[in-house]
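Enquirer: This is the structure I have questions about; it appears just below.
Any read-out appearing in this document is the output of simple, stated calculations on the displayed coordinates, not a laboratory observation. Owing to the predicted nature of the structure, the values given are computational and were not obtained by experimental measurement. Here the Cβ is made from the backbone with ideal geometry for all residues, glycine too, and neighbour counts use every protein chain on show.
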Amino acid sequence: MAVEHMKTWRIGKVEVTRIVEVWNREDPLSILLEDGTAPMMLAYPWLQPHHATAAGNLLVNFQGFAIKAGQRRIIVDTCIGANRQREYDFFSNLQSRFLQDLEAVGITPPEVDTVLCTHLHFDHVGWNTQFIDGKWTPTFPNARYLLGREEYHHWMMLRATGGYHDVRHLGECVDPIVSRELVDFVESDHRLSTEIFLEPSPGHTPGHVSVRISSAGEEAIITGDVLHNPIQIAIPRHPANFDMDKALAADQRVKFVERYRDRAALVIGSHFCEPTAGWIVADGPKWKFEGAA
C-alpha cells in the first residue's frame, strides 16, 4: 500500500503510525454482521463516505501500527503478509509494501524490539515471518513476540482437534517464532511499559486484547477486532460473523463503547478506514464515531 496512506498520531510522548496493507476494502454488510443489509448501513448517514458506500456496503482497512515510545520500537499486529495462500481468495498471493512503508516511518526490522499480536487471526500475524531461502523466517529477528497465553493455547487446540477454524497460517506465521524461542506468552493485562499496556477484550477470540496508551495525560486505545467498522459503535450488540464467541464479543463491544464514549480516549480502529482515529460521541440515544481532526 502506498506510503501516502500512512498517518501518525501523537498520544503524549508516544507516536503511533498506521501501516496499511489493504486500503478501503468494500464488502456487503452481511460479510461482517449476521443478517446485515444495505438499509441497515444506510440508517447511519454519518458512516458515509469514509466507512460505508452510497450503496450501503461497508469499507474496511487491513493495517498494523508502528509505535515509537522513547527508544522502544513496537509493532501492533503484522497484517496479512505477501505471497501466502489463504482461505479467502482475495488474501491469497497478496503483494504488500508493509516492510517498505515501515522503513518509511524510520523503522527497519532489526530495530523492532517488540511485536504484539492482539490475537491470532491470519490478518494480524502475517509479517511475523517472511519466506527466505525456502523457509519461513522471523521478520523481526531482535524482537520479542508477545502472544496471549490463552489465545495461543486455544489455537493449538483448534489445530489438534481439527476445530472450526482454518489454521494454515499457524505453521507459517506462529510456529517459526515459537520454535526459535522468540515468543513471550503473556497475560491479557500485560504491561509493555509504563505508557503501553494490554486491555482484555475477549469474544472475537478467547484471548483477544486491545492496546491502551496512556502518556503525559493523554489516552488512546487501539481496538484490535473488538470493532471492525464504526457501525458496531451504533449497534454493538448485533452479532458479528467472525467472532468466536458472539455473545461475549457483543458484551465486550457494549463495555468498550461505555468505557470510551464522550472522548474518554482516542479510539484507533484496527480496521477503520480514514479517519482511522476518532472519538465515540453521542448520536441521539445511540453513539457514533467522529473522526479526529
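Enquirer: Could you tell me whether PRO176 is in contact (Cβ under 8 Å) with a residue 40 or more places away in the chain, farther than 27 Å from ALA277 by Cβ and surrounded by fewer than 22 Cβ atoms within 10 Å (Cβ to Cβ)?
Expert: Values: in contact (Cβ under 8 Å) with a residue 40 or more places away in the chain: yes; farther than 27 Å from ALA277 by Cβ: yes; surrounded by fewer than 22 Cβ atoms within 10 Å (Cβ to Cβ): yes.
It is true that PRO176 is in contact (Cβ under 8 Å) with a residue 40 or more places away in the chain, farther than 27 Å from ALA277 by Cβ and surrounded by fewer than 22 Cβ atoms within 10 Å (Cβ to Cβ).
Enquirer: Which of (1) part of a loop (DSSP other than H, G, I, E, B); (2) surrounded by fewer than 20 Cβ atoms within 10 Å (Cβ to Cβ) does SER214 not meet, given it meets every other one?
Expert: In the conditions (1) part of a loop (DSSP other than H, G, I, E, B); (2) surrounded by fewer than 20 Cβ atoms within 10 Å (Cβ to Cβ), SER214 misses (1) alone.
Enquirer: I'd like to know if segment 6-22 contains one or more residues that are assigned to a loop (DSSP other than H, G, I, E, B) and surrounded by 16 or more Cβ atoms within 10 Å (Cβ to Cβ). Even if it seems obvious, please write down each step before you answer.
Expert: Step one: of segment 6-22, the residues assigned to a loop (DSSP other than H, G, I, E, B) are 6, 12-13.
From the residues that got through so far, the ones that are surrounded by 16 or more Cβ atoms within 10 Å (Cβ to Cβ) too are 6.
Yes: one or more hits.
Enquirer: Does segment 229-239 hold any residues that are in contact with a strand residue (DSSP E or B) (Cβ under 6 Å, 6 or more places away or on another chain) and surrounded by fewer than 23 Cβ atoms within 10 Å (Cβ to Cβ), and which are they?
Expert: Taking segment 229-239 as the starting set, the residues that turn out to be in contact with a strand residue (DSSP E or B) (Cβ under 6 Å, 6 or more places away or on another chain) are 229-230, 233-234, 238.
If the condition is that a residue be in contact with a strand residue (DSSP E or B) (Cβ under 6 Å, 6 or more places away or on another chain) and surrounded by fewer than 23 Cβ atoms within 10 Å (Cβ to Cβ), then ALA234, HIS238 are the ones that fit.
Enquirer: Would you pick out the residues in segment 224-244 that are in contact with a His (Cβ under 8 Å, 6 or more places away or on another chain) and part of a loop (DSSP other than H, G, I, E, B)?
Expert: Our first condition is that a residue be in contact with a His (Cβ under 8 Å, 6 or more places away or on another chain); within segment 224-244, this holds for 224-232, 240, 242-244.
Within segment 224-244, LEU227, HIS228, ASN229, PRO230, PHE242, ASP243, MET244 qualify.
Enquirer: Also, I was wondering about something else. Of these, ALA220, ALA249, which one is assigned to a helix (DSSP H, G or I), under 18 Å from the mean Cα position of the chain (by Cα) and crowded, with 16+ Cβ neighbours inside 10 Å?
Expert: On the way: ALA220 fails: assigned to a helix (DSSP H, G or I).
Just a single option satisfies the conditions, and that option is ALA249.
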